[in-house]
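The structure under discussion appears below in the form of structure tokens.
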Amino acid sequence: MKLGEPSLDQLRIFLAVAEEGSFGAAARRMGRAVSAVSYGIAQMEAQLGVTLFEREGSKKPVLTDAGEGLLPEARAVADGVDALVAKTRSLHAGLESEVSLVLDVMFPGEVTAQVLREFRTMYPTVSLRLHVEGLGAVAACLLDGEAELAVGGPVLGDHPDLERQAIGAVELVPVAAPDHPLARKGVKPGESREHLQLILSDRSKLTEGREFSVLSPLSWRLADLGAKHSLLREGIGWGNMPRHMVSADLAEGRLVELDLPEKPGADYTLSALWRRDRRPGPATSWLIDTFRERLGKCDAGLAVRGAT
């Protein structure tokens with residue numbers, strides 16, 4: 001049997017269906033009609049002489065053994081073409097005329113100011129647009145084309161259209177005012193559920209409906225981290241905050257770190273994110289490297305101050 005050669009477009013359709021779990025979802029992702037996606041899969045199956053998806057007896061297409069076996073090769077081909085196109089674009093473009101950057105609201109403001117001051121000196125001809133977002137809205141800015149580079153947390157996980165490079169972490173700690181009931185020693189398991197928890201809300205459709213470190217059914221949802229900080233200092237509820245943002249409050253007694261049995265605090269990993277089809281240019285790459293370096297120094301400084 002003579003095999004045909006599937007096109008790059010057919011490979012991308014195959015990957016979209018496998019990743020999205022249905023022809024309809026793949027069509028929406030690619031901006032195609034469902035019939036076009038179905039036709040592309042049928043053509044690829046005809047050229048290769050294999051069945052890629054089982055369609056009968058299931059509401060959703062399920063990869064066959066052949067489909068599972070060919071998936072890594074299809075992904076490798078598509079990734080190779082993406083890398084080729086991205087590198088070619090960077091060669092043509094040279095230094096960016098503008099960088100659009102979106103930062104997670106958890107990112108230390110001190111580090112942002114230091115890095116962007118140096119950026120202005122290093123790249124005086126490059127304009128910069130800065131957005132600050134929370135949770136899944138950070139990655140949404142990249143996917144919607146509103147930014148070329150993001151520094152965001154782990155809430156979205158691995159998205160097939162994004163590259164991710166870990167550059168540091170922010171420690172989140174549960175805090176409340178000193179006179180809050182949870183501020184005493186010997187808090188019992190489950191007691192945190194009896195008190196109002198202040199939660200940073202997610203405005204992104206990508207992570208809509210998901211909860212992050214939410215323990216109490218009694219909650220206020222706030223879109224602004226600064227407002228959450230102010231309410232905590234006023235004794236309204238308890239909640240997780242970046243340690244760098246409340247370190248002065250903890251030192252001066254305006255807030256206390258809670259010793260809860262559930263240990264809701266955690267390291268909030270920060271990663272540089274960019275679209276796979278848009279390789280970072282020189283100025284963008286400098287930002288990634290410098291953010292990583294400054295976050296490392298910031299973490300070391302907090303550790304020293306916390307030990308004194």
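Identify the residue in the stretch 262-288 that is part of a loop (DSSP other than H, G, I, E, B) and either within 20 Å of Val105 (Cα to Cα) or within 22 Å of the chain's Cα centre (by Cα) (or both) and, among all such residues, is modelled with the lowest pLDDT. Looking at residues that are part of a loop (DSSP other than H, G, I, E, B) and either within 20 Å of Val105 (Cα to Cα) or within 22 Å of the chain's Cα centre (by Cα) (or both), I get Gly265. A single entry from Ala83, Ala46 fulfils the requirement of being touching a Gly at 6+ places or on another chain (Cβ under 8 Å), touching a residue at least 40 places away in the same chain (Cβ under 8 Å) and part of a helix (DSSP H, G or I): Ala46. Only one of the numbered conditions (1) at pLDDT 85 or above; (2) farther than 27 Å from Gly153 by Cα; (3) touching a Phe, Trp or Tyr at 6+ places or on another chain (Cβ under 9 Å) is violated by Asp104, and that is (2). If you go through the stretch 107-126 and keep only what is outside any helix (DSSP H, G or I) and modelled with pLDDT of 90 or more, you end up with Phe107, Pro108.
Scanning the stretch 1-43 for residues that are assigned to a loop (DSSP other than H, G, I, E, B) and of a type in the set (A, V, I, L, M, F, W, C) yields a total of 3. Restricting attention to the stretch 219-237, which residues are out of contact with any His (no Cβ under 7 Å at 6 or more places or on another chain), surrounded by fewer than 16 Cβ atoms within 10 Å (Cβ to Cβ) and either part of a loop (DSSP other than H, G, I, E, B) or not basic (Lys, Arg) (or both)? The answer is Trp220, Ala223, Asp224, Gly226, Ala227, Ser230, Glu234. Please work out which one of (1) in a loop (DSSP other than H, G, I, E, B); (2) touching a Lys or Arg at 6+ places or on another chain (Cβ under 9 Å); (3) surrounded by 13 or more Cβ atoms within 10 Å (Cβ to Cβ) is the condition Val170 fails and give its number. Here Val170 clears every test but (1). Say whether the condition of being of a type in the set (Asp, Glu), more than 30 Å from Val246 (Cβ to Cβ), at pLDDT 90 or above and surrounded by 19 or more Cβ atoms within 10 Å (Cβ to Cβ) is met by at least one residue in the stretch 43-59. The answer is yes, given that some residue of the stretch 43-59 is of a type in the set (Asp, Glu), more than 30 Å from Val246 (Cβ to Cβ), at pLDDT 90 or above and surrounded by 19 or more Cβ atoms within 10 Å (Cβ to Cβ).
Of the residues in the stretch 76-83, not one is out of contact with any Leu (no Cβ under 8 Å at 6 or more places or on another chain), modelled with pLDDT of 90 or more and surrounded by 12 or more Cβ atoms within 10 Å (Cβ to Cβ). Among the residues of the stretch 233-261, those identified as touching a strand residue (DSSP E or B) at 6+ places or on another chain (Cβ under 7 Å), within 19 Å of Phe107 (Cβ to Cβ) and among the hydrophobic types (A, V, I, L, M, F, W, C) are Met241, Val246.
Pairs please, first residue from the stretch 222-235 and among the hydrophobic types (A, V, I, L, M, F, W, C), second anywhere and part of a helix (DSSP H, G or I) and surrounded by 18 or more Cβ atoms within 10 Å (Cβ to Cβ), Cβ atoms under 7 Å, 6+ apart in sequence or on different chains. Final answer for the pair search is Leu222/Lys228.
Taking every residue in the stretch 7-33 that is within 21 Å of Gln47 (Cα to Cα) and pairing it with any residue that is part of a helix (DSSP H, G or I) and among the aromatic types (Phe, Trp, Tyr), at least 6 positions away or on another chain, the pairs with Cβ-Cβ distances below 8 Å are Val17/Phe23.
Is it the case that His131 is farther than 19 Å from Asp289 by Cβ and exposed (fewer than 15 other Cβ atoms within 10 Å of the Cβ)? Yes: the conditions hold for His131.
Picking from residues in the stretch 238-261 that are within 27 Å of the chain's Cα centre (by Cα) and either assigned to a helix (DSSP H, G or I) or small (Gly, Ala, Ser) (or both), the one that is nearest to Val173 (Cα to Cα) is Arg243.
Among the residues making up the stretch 49-80, those that are outside any helix (DSSP H, G or I) and of a type outside the set (Val, Ile, Thr) are Gly49, Leu52, Phe53, Glu54, Arg55, Glu56, Gly57, Ser58, Lys59, Lys60, Pro61, Leu63.
The values are calculated or read from the model by the stated rules, or taken from the named source; none is laboratory data. Since the structure is predicted, the reported quantities are computational estimates derived from the model, not experimental observations. Reconstructed Cβ throughout: ideal geometry from the backbone, glycine too, with neighbour counts over all protein chains shown.
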